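What follows is a set of notes on a single structure, which appears directly below.
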C-alpha cells in the first residue's frame, strides 16, 4: 500500500501521531482487520516495532485488539477516533492549564522571577531586542507588550491588520482604558467592515484613518517597539516577521513622528464610507 507523504503528515498533525503510528493506522484502515506482521509489511514498518506501535494506538483509542491466535487488530471507525482525540486533547489542555495555574502559588515561579530580575540587571540595552517570526508569535508578543502598558499604546496597521489586532487585543484595550492608558490606533479605514470594527474599538481607543502611510508597528510607553517588516498582503502568516526593540531613545523619536502624523489623520467621525 502506497500512501502519500503529504497525507501521512496531515494525519500526524491532526491526530498527534508519529510516522510509524500513522503508517500502521493507515495500513489497518485499508484492511479493517489484520495481524501485526501483515501491518508491518503493508505499512513498511519494522516488525520489531509493530506490536509497540499497535499497543500505543490501542491506548489512544485508534484500534481494538481481537483475542485469539494469531492476535488481530480491528480499526476503530474514524469518526469515533476524532471524538476520542478531541476528548483527549481537551483533557490534556485542561490539565496543563491547571498545572500552570497551580504554578503561580509555588516557590518555583518565585525562583524563576528572581532569576529573571537578577539576570536582567546584567543585560545591555542593545541586547533587549530580537526578531519575532510568524504572525501567531507576533500577536503573542504584541499582547504581552500591550498588557504591560502603563501610559500609552500607539498602533499603526493596515486595514486587514486592524481586523486581526482588534480581535486579538480588544480585551487588553478594555482593561487598559479602565487604567487610563492613552490608546491611539491608526489604519486605512476605507470600507464598511473596517469602519464598523473601528467604530466598535473607538469605545476604548482613539481611532483615526490614514491613506498616506503604509506601516505596521506598535509603541508602548515610549520604550518598547514592535515593527513588522513585511507587507501583510504579500506574505504568508507563518513567514511574517517583526522586530522587537526596547529603547526609549528610538521609541521616543518614533512616537514624536507618529504624533506629528496623527494631527493630519482623519478622525473617525469624519470618515465617510
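The values are calculated or read from the model by the stated rules, or taken from the named source; none is laboratory data. These numbers were taken from a predicted model, which means no experiment stands behind them. Neighbour counts run over all protein chains shown; Cβ positions are idealised from the backbone, glycine included.
A few comments on the model shown:
- In the range 44-65, the residues that are within 16 Å of residue 8 (Cα to Cα) and in a helix (DSSP H, G or I): 53, 57
- Only one entry in 55, 95, 80, 111 is without any contact (Cβ under 8 Å) to a residue 40 or more places away in the chain and in contact with a strand residue (DSSP E or B) (Cβ under 9 Å, 6 or more places away or on another chain), namely 55.
- Of the helices (runs of 4 or more DSSP H) contained entirely in the range 1-43, those carrying at least 3 residues that are under 21 Å from residue 88 (Cα atoms) and in contact with a helix residue (DSSP H, G or I) (Cβ under 7 Å, 6 or more places away or on another chain) fall at 5-15, 19-31.
Conditions tested, residue by residue: (1) modelled with pLDDT under 90; (2) assigned by TED's automatic domain parsing to the domain that holds residue 244; (3) under 15 Å from residue 206 (Cα atoms); (4) out of contact with any helix residue (DSSP H, G or I) (no Cβ under 7 Å at 6 or more places or on another chain).
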| position | (1), (2), (3), (4) |
| --- | --- |
| 136 | yes, yes, no, yes |
| 143 | no, yes, no, no |
| 149 | no, yes, no, no |
| 152 | no, yes, yes, yes |
| 166 | yes, yes, yes, no |
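- Here residue 68 clears all of (1) at pLDDT below 80; (2) under 22 Å from residue 36 (Cα atoms); (3) touching a strand residue (DSSP E or B) at 6+ places or on another chain (Cβ under 7 Å) except the condition numbered (3).
- Residues in the range 239-273 that are farther than 20 Å from residue 224 by Cβ and in a helix (DSSP H, G or I): 5 in all.
- Qualifying residue in the range 27-50 (condition: surrounded by 13 or more Cβ atoms within 10 Å (Cβ to Cβ), free of Cβ contacts under 8 Å to residues at least 24 places away in the same chain and within 28 Å of the chain's Cα centre (by Cα)): no
- Verdict on residue 174 being over 26 Å from residue 235 (Cβ atoms), modelled with pLDDT under 95 and either surrounded by fewer than 13 Cβ atoms within 10 Å (Cβ to Cβ) or not assigned by TED's automatic domain parsing to the domain that holds residue 266 (or both): no
- Qualifying positions in the range 202-219 - under 17 Å from residue 182 (Cα atoms) and either in contact with a strand residue (DSSP E or B) (Cβ under 6 Å, 6 or more places away or on another chain) or not assigned by TED's automatic domain parsing to the domain that holds residue 245 (or both): 205, 206, 207, 208, 217, 218, 219
- Of all residues in the range 158-195, those being under 20 Å from the mean Cα position of the chain (by Cα) and without any contact (Cβ under 8 Å) to a residue 60 or more places away in the chain number 12.
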